[in-house]
Every structure is written in structure tokens, then in C-alpha cells.
1. Using modelled backbone amide H atoms (1.01 Å from N, in-plane), which distant-in-sequence or interchain residues come within less than 5 Å of Cys142's amide H?
2. Only Lys, Arg, Asp and Glu count, each charged at its Cβ (+1, +1, -1, -1), so figure out the dipole size of the chain about its Cα centre, rounded to 20 debye.
3. Helix-derived [θ] at 222 nm for the chain: sum -39500 (n - 2.57) over DSSP H runs of at least 4, divide by residue count, nearest 500?
4. Could you pull out the longest piece of the chain with no exposed loop trypsin sites (Lys or Arg not before Pro) in it, calling a site exposed if DSSP puts it outside H, G, I, E, B and it has at most 16 other Cβ atoms within 10 Å?
5. Between helix 275-285 and the chain, what is the angle of the helix's C-alpha long axis to the longest principal axis, kept within 0 to 90° and rounded to the nearest 10?
6. Mind sorting Ser62, Ser307, Ser50 by how few other Cβ atoms lie within 10 Å of their own Cβ, fewest first?
7. For a label point 7 Å from the Cα of Leu33 along Cα→C-beta, name the residues of the range 169-199 whose backbone N is under 18 Å from it.
8. Starting from 0.36 nm per residue, how many nanometres of slack lie between His265 and Arg411 once their C-alpha separation is accounted for?
Amino acid sequence: MIARTIALLGLAAVTACAPAGQQDRARSDVLSLPPMKTFAKPHVTRPTRSNESIAEDFLNLSFMLESGRPLPVLTRFEGPVTIRVLGQTPPGMIGDLDRLVSRFRDEAGIDIRRVGADLPASITVETIPRSELQRAVPQAACFVVPRVTGWDDFKRNRRTAVTDWTTLRLREKMAIFIPSDVAPQEVRDCLHEEVAQALGPLNDLYSLTDSVFNDDNFHTVLTGFDMLILRATYDDQLHSGMDRATVAARLPAILSRLNPRGNHHKTAPRPPTSRAWIAEIESALGPRNTLARRQEAAKRAVTLARSADWTDNRLAFSLFALGRLSLGRDPELALASFLQAGALYSTNPETRIHEAHIAMQLAAVALSSGQAEIAIDIIDANLPVVADAENAALLATLLLLKVEALDLLGRAAAAEDLRRDSLGWARYGFGSDAEVRKRASEISALNPRRRLAAQITDAS
């Protein structure tokens with residue numbers, strides 16, 4: 001079983017800057033919502049690292065599970081791939097799946113098509129209520145399982161050799177389980193990562209900066225790197241059953257042909273990610289620890305990253321996690337952590353979307369302290385990369401922050417125009433009308449003008 005983990009450092013943490021009790025009152029007048037906005041056309045990226053570096057990543061993604069268990073051979077589907085959907089389909093799901101299937105055909109060269117629910121398929125995507133899904137796998141937002149055709153089949157075989165990836169030699173049928181009652185963006189994100197893993201790589205690597213195959217969850221849709229990995233997986237020179245050494249011998253020629261630009265790039269080697277650091281990050285992100293213990297785990301992750309002399313996205317992610325977990329406990333530590341993480345992310349064009357998450361936090365701090373123009377500058381600098389990354393939740397959050405900054409500057413008409421645009425994206429990113437209104441109210445509570453009005457109301 002390969003799972004997309006729950007994004008426990010969610011966007012709502014931005015509201016830790018707002019005084020308690022004001023979030024529910026702020027912007028309670030947001031009654032009508034515009035139609036949901038969606039991304040019509042993908043922003044296709046191209047990998048920028050050397051083929052030598054990409055080959056190493058391919059091997060680590062394809063011959064290792066996230067748990068660290070090795071896989072003895074390469075596995076893939078041999079022949080055309082079909083995919084079907086069972087269960088209740090959330091709004092936009094079929095359209096998002098069809099766009100994804102088109103990307104697999106166009107960018108990865110995979111012979112794949114969607115078929116009706118009543119037909120047998122290579123890959124079955126089944127939607128399950130989130131509460132039921134997480135009773136089975138508590139920390140998974142969604143997951144993929146080999147050799148089963150649906151939820152009942154999975155429950156019968158979940159603790160048997162049938163669902164053991166290490167015994168697989170050829171992919172013939174896979175099942176993906178996605179919650180039926182979450183935001184459209186979460187459904188789409190699950191489709192991108194889990195269908196890609198049903199087709200190809202089974203591992204996640206924290207060292208990756210340009211891929212969904214990273215448990216930091218910054219990339220929410222498949223990147224050019226991901227599509228290159230899948231295209232190489234299904235190249236005619238490879239087939240199921242090959243061991244690591246055989247694949248490693250053939251990869252240089254395959255990547256040279258598929259990605260000639262990569263022959264001319266130089267990429268600095270990245271030291272391996274220690275299991276000790278991964279354990280601390282998992283403790284920091286996990287829901288079972290208290291907030292104090294999670295924050296201490298994030299501090300230890302920062303210490304481990306620095307002691308390993310990492311100056312890449314792994315140190316930045318450690319600092320980002322520490323910042324998010326410190327928002328309500330130690331604002332000065334949170335801000336310092338965000339600034340350090342942002343500085344690290346800013347040195348690499350591949351981590352622009354990571355930097356945008358930091359920017360959202362910094363814009364919230366600027367707004368909360370009454371620096372509306374600084375907040376707007378930060379937001380405007382990051383809107384294009386967020387739109388290109390198709391992250392509607394982050395886009396809506398930035399736009400809602402800008403709405404409040406415009407309001408603070410007295411630009412009411414511009415604020416109202418932008419509000420409707422932001423709420424359209426929020427409906428895709430956050431889901432239900434109640435959740436959209438809740439997020440809008442939380443962000444509105446950061447506006448010092450509204451805080452003052454609330455304090456006056458409380459005093460009267």
C-alpha cells in the first residue's frame with residue numbers, strides 16, 4: 001500500500017496570527033458564493049537537473065518503498081492501461097481525471113484510457129467516505145494497493161501477501177482509494193499522486209524539489225520531472241522483472257534520448273536523507289503527538305539537518321515545519337524560521353512554489369501588523385507561480401489576504417471585486433460552502449480594522 005499522507009500543516013495555520021474569538025465574527029456577511037473556478041490547462045514544466053541526477057532519483061523511486069524496504073525488480077503494466085471510477089464522484093472529479101489521463105498520454109507516452117464503471121480495468125479508483133478510509137489507514141489521505149479491484153477486496157486481503165508490493169513482478173490490477181467527501185483539489189491531488197504511483201514509482205524522496213513524489217506535499221500536480229520518470233518507466237528498453245543493476249545500465253541512454261537537455265546540465269550531488277531525520281519530521285507532522293512534542297520534533301529535525309550540513313530543501317522544510325508549529329506558541333521563533341526557510345527556498349528556481357507557501361505566512365504577518373502595502377507586494381510577487389502550480393487553496397488564501405489588505409487601504413471597490421474571484425478559487429481549494437466561509441472569516445480576522453471593530457463591540 002502506498003499512501004498520500006494527510007497535509008497536517010494545513011493552510012488554516014495562518015489564522016494563528018488572529019486573536020482567539022474573532023475568527024467566527026469576522027466577515028460573517030459573506031453569504032453568497034460565486035461559481036467554482038477550475039484550472040483548464042496545465043502549465044507544463046521541464047526538468048532542469050542533469051540526467052545523471054535524474055537516473056539516481058529514478059532508481060531510488062522505483063526500487064524502494066517509502067518504509068525503506070527494497071524492491072527486487074522493476075514493475076509496470078505491460079500493454080494498454082485502462083482506468084475506471086467506482087463510488088460517488090465528487091464535483092469535478094471526472095473532468096480532473098480525464099485531464100490527467102490526457103497528460104499521461106501526451107507527456108509520458110503511456111497507452112491509457114478511462115472506461116466505464118461496469119467494465120474491468122487495470123486501475124480501479126474508488127471513492128470512500130473519509131471517516132471509513134481513515135479507520136483503515138489513519139494517516140493516509142488516499143492510497144494505492146496492488147492486486148485488488150475495490151474496497152471490499154482490499155479489506156479481505158490487506159494483511160496478506162496479496163497486497164505486499166515486494167512480491168510483485170508484474171502490474172495487472174491496482175486499486176486507488178480516495179475520500180468522497182473532501183475538497184475538489186484534494187481529490188485531484190490524490191488522483192495525480194496515486195495514479196502515478198499505480199503506474200510507476202512507489203517511493204517518496206524528501207530530497208526532490210520538483211516532484212509530487214515528496215512527502216512535503218508542496219507540489220500538488222505532476223511536474224515535468226514526474227512525467228519524465230513515467231516516460232522512462234514505460235520506455236521500450238525496460239520491462240517488468242528487470243533488477244536494479246540492469247535498469248541502471250540502460251537508464252543513461254534512455255534519459256539521453258528522452259531528455260537531451262539533461263546531458264548538458266550539472267547537478268551537485270545530494271547527501272542521502274537519514275532515517276533519523278525522517279522520523280523526526282514524521283513526528284512533527286503526525287497527529288498523535290501533542291503540539292509541544294511536535295514542535296520539539298521539528299526542532300530536532302532542524303538540528304539534524306544542520307549537523308548534516310544540508311543547505312537544501314530538507315533544511316528549509318524542517319524550518320518551515322518549525323515555523324508552522326510555533327505560530328501560536330512562539331511568534332518570534334515562527335517568523336525567524338519562516339524567514340530562514342524562505343531564504344533557502346529562494347536560492348533554487350525549482351522551489352518557487354515552496355517559497356510561495358512561506359510568502360503566504362509572511363503576508364499574513366504583514367497584514368496582521370497593519371503593513372497592507374508590504375502584504376500586497378509579497379502576494380503579487382507569488383501569484384503567478386501559485387497559479388502555474390494549480391494550487392487553488394493557496395491561491396485563494398493569498399487572494400483573500402490581498403482582499404483584506406486592500407480593505408485596510410480603503411480600496412473597498414477593488415477589494416470586493418477581488419473577493420468574488422478569490423471565493424471562486426476557494427470553492428475548488430476548500431470544498432464545502434461552510435468551509436469556504438470559515439476560511440474567509442479566519443483570514444478576515446487578521447485585518448487590524450476588523451480586530452479593532454470587534455474589540456469595540458466587546459467593550460460596549
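1. HN-HN under 5 Å from Cys142: Arg4.
2. Here the chain has a charge dipole of around 540 debye.
3. Values: 17 runs with 234 residues, N = 460.
For the chain, the value works out to -16500 deg cm²/dmol.
4. Numbers: sites that count: Arg25, Arg158, Arg159, Arg169, Lys266, Arg288, Arg329, Arg411.
Free of exposed loop sites, the longest segment is 26-157.
5. 40
6. By the 10 Å Cβ count, ascending: Ser307, Ser50, Ser62.
7. Inside the label zone: 180-189.
8. Working: separation 146, 0.36 × 146 = 52.56 nm, distance 4.75 nm.
Additional length available on full extension: 47.8 nm.
Each reported figure results from applying straightforward, stated rules to the coordinates on display, with no laboratory input. Nothing here was measured: the structure is a model prediction, and the numbers come from that model. As a convention, Cβ positions derive from the backbone with ideal geometry for all residues, glycine included, and neighbour counts pool all protein chains shown.
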